[in-house]
1. Return yes when Val92 is buried (at least 21 other Cβ atoms within 10 Å of the Cβ), in the same structural domain as Tyr232 (by TED's automatic domain parsing), in contact with a Lys or Arg (Cβ under 8 Å, 6 or more places away or on another chain) and of a type in the set (Val, Ile, Thr) and no when it is not.
2. Residues in region 293-351 that are free of Cβ contacts under 8 Å to residues at least 60 places away in the same chain and outside any helix (DSSP H, G or I): how many?
3. Could you list all residues from region 147-173 that are within 19 Å of Leu214 (Cα to Cα) and either within 15 Å of the ligand (Cβ to nearest atom) or not assigned by TED's automatic domain parsing to the domain that holds Val216 (or both)?
4. I'd like to know if region 342-360 contains one or more residues that are among the basic types (Lys, Arg) and within 25 Å of Glu16 (Cβ to Cβ).
5. If the Cβ limit is 7 Å and pairs must be 6+ apart or interchain, which residue in region 190-218 that is more than 12 Å from the ligand (Cβ to nearest atom) pairs with which residue that is assigned to a loop (DSSP other than H, G, I, E, B) and of a type in the set (Ser, Thr, Tyr)?
6. Could you please let me know if Gly57 is touching an Asp or Glu at 6+ places or on another chain (Cβ under 7 Å) and away from the ligand (no atom under 16 Å from the Cβ)?
Amino acid sequence: MSELAMRAEKLDAADELRGKRDGFVLDEVVYLDGNSLGALPAVVSGRVEDVVRRQWGELRIRSWEESGWWTAPERIGDRIAPLVGAAPGQIVVGDSTSVNVFKALVGAVRMAGEGRDEILVDATTFPTDGYIAESAARMTGRTLRPVAPADVPGALGGRTAAVLLNHVDYRTGRLHDLPALTAAVHAAGAYAVWDLCHSAGALPVGLDEHGVDLAVGCTYKYLNGGPGSPAYLYVRRELQDRFDSPLPGWNSHAEPFGMRGGYEPAPGALRGRVGTPDILSMLALEAALEVWDGVPVEAVRAKSLALTDFFLECVAAYVPEGRVECLTPAPHAERGSQIALRCDDAGDVMKRLVEAGVVGDFRAPDVLRFGFTPLYVGFADVERAARVLARTLG
Ligand SMILES: *Cc1c(COP(=O)(O)O)cnc(C)c1O
């Protein structure tokens, strides 16, 4: 056994989160794609079966009340809240991240008022945010300016209405400085909207602490909610009365069953709701969130950094120098929970890696992505992944 393999065994033995792995359905594969689709928590299948057979099959319409279906969006929002550093009453679950980006960004622009005619968007953003920001700018008569996150402070000014940023870059795994950037946006009198898709469930976010205005995120990556599970929208408490959703559906009406002709928004986070929630996905997510019971986000972050450090060390030891280039920043303060390696034949390499039982993913044109989900990935997995990668790279 190699020195690194022995170290991996020791690290696994000392890992306080090790037991969490038993809460997931796993096999022999080293699964490093939880930043794209989280693994299945064992509790989910039975819960979904109960929701389908009993709540839907037997109780039928009564379940909207008796099974808590109607209040699920805000109840599950409150369950996610501690994972992103939010007090209760500020998050609703529903719709996709894309749809919530639209609600949050247009809502922010409306709060900023007429005098501010520019929207800044992360130039390196996940594509959907950029597309939606472009449409939101067109609809609200604002100009959209793509800016690299590091250049945002210099680009802010009296014209800026809102800034849409990704907390962690989906491609490189770079973690942006949410506290400093949010403070800079506020100093310019603008509103900060953060996309947390690659940070919630992987590292502390501190939404309340840092005064973030609006935030969105998906639940099928590090939160393991299942394919297409609903996203969430955070609206800071002090802004909720002014949040004017561009998608005011009957579910966010002050009196949804009043069936009124005119729209009057509900108070609080409920305003972020639109139409009838997708209950099956939502309750699968609610069950999936149980794996976080008693897990401090700080412990998750500590293990995540230890995993990515160890992976980089194993890659350096096993892979010939110059064969891959690491795109993920080395400083912990700038690293999310994934490692991105660049190599010309990345597409082919990932195909062979998957065949060899190590699942990461490929992002065109030349990036190998490896996501490290601290609840179910261990150090022996990491060592094996690097070893198989070295062999695959030949
Ligand atoms: C995964 C991801 C999304 C996905 O949006 P969907 O509407 O769920 O398809 C959006 N933004 C970022 C930054 C992501 O990483």
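1. Values: buried (at least 21 other Cβ atoms within 10 Å of the Cβ): yes; in the same structural domain as Tyr232 (by TED's automatic domain parsing): yes; in contact with a Lys or Arg (Cβ under 8 Å, 6 or more places away or on another chain): yes; of a type in the set (Val, Ile, Thr): yes.
Answer is yes for this residue.
2. Narrowing region 293-351 to residues free of Cβ contacts under 8 Å to residues at least 60 places away in the same chain: 293-294, 296, 302, 305, 309, 312, 316, 321-322, 325-326, 330-332, 341-351.
Then keep just the ones that are outside any helix (DSSP H, G or I); that gives 293-294, 296, 321-322, 325-326, 330-331, 341-345.
Count: 14.
3. Pro149, Val163, Leu164, Leu165, Asn166, His167, Val168, Asp169
4. Start the filter on region 342-360 by keeping residues that are among the basic types (Lys, Arg), which leaves 342, 351-352.
Right, trim to within 25 Å of Glu16 (Cβ to Cβ) and you get none.
Looking through region 342-360, none of the residues is among the basic types (Lys, Arg) and within 25 Å of Glu16 (Cβ to Cβ).
5. Pairs that qualify, where the first residue is more than 12 Å from the ligand (Cβ to nearest atom) and the partner is assigned to a loop (DSSP other than H, G, I, E, B) and of a type in the set (Ser, Thr, Tyr), are Gly201/Tyr222; Leu203/Ser337; Val205/Ser199.
6. Details: touching an Asp or Glu at 6+ places or on another chain (Cβ under 7 Å): no; away from the ligand (no atom under 16 Å from the Cβ): yes.
No: the conditions fail for Gly57.
Conditions (1) outside the structural domain of Thr373 (by TED's automatic domain parsing); (2) on the phi > 0 side of the Ramachandran plot; (3) buried (at least 17 other Cβ atoms within 10 Å of the Cβ), marked per residue:
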| site | (1), (2), (3) |
| --- | --- |
| Pro41 | yes, no, yes |
| Gln55 | yes, no, yes |
| Arg60 | yes, yes, no |
| Glu65 | yes, no, no |
| Trp69 | yes, no, yes |
| Asp78 | yes, no, yes |
| Leu83 | yes, no, yes |
| Asn100 | yes, no, yes |
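The values are calculated or read from the model by the stated rules, or taken from the named source; none is laboratory data. Computed from a predicted structure; not experimentally measured. Positions of Cβ are backbone-derived with ideal geometry, glycine not excepted, and every protein chain shown enters the neighbour counts.
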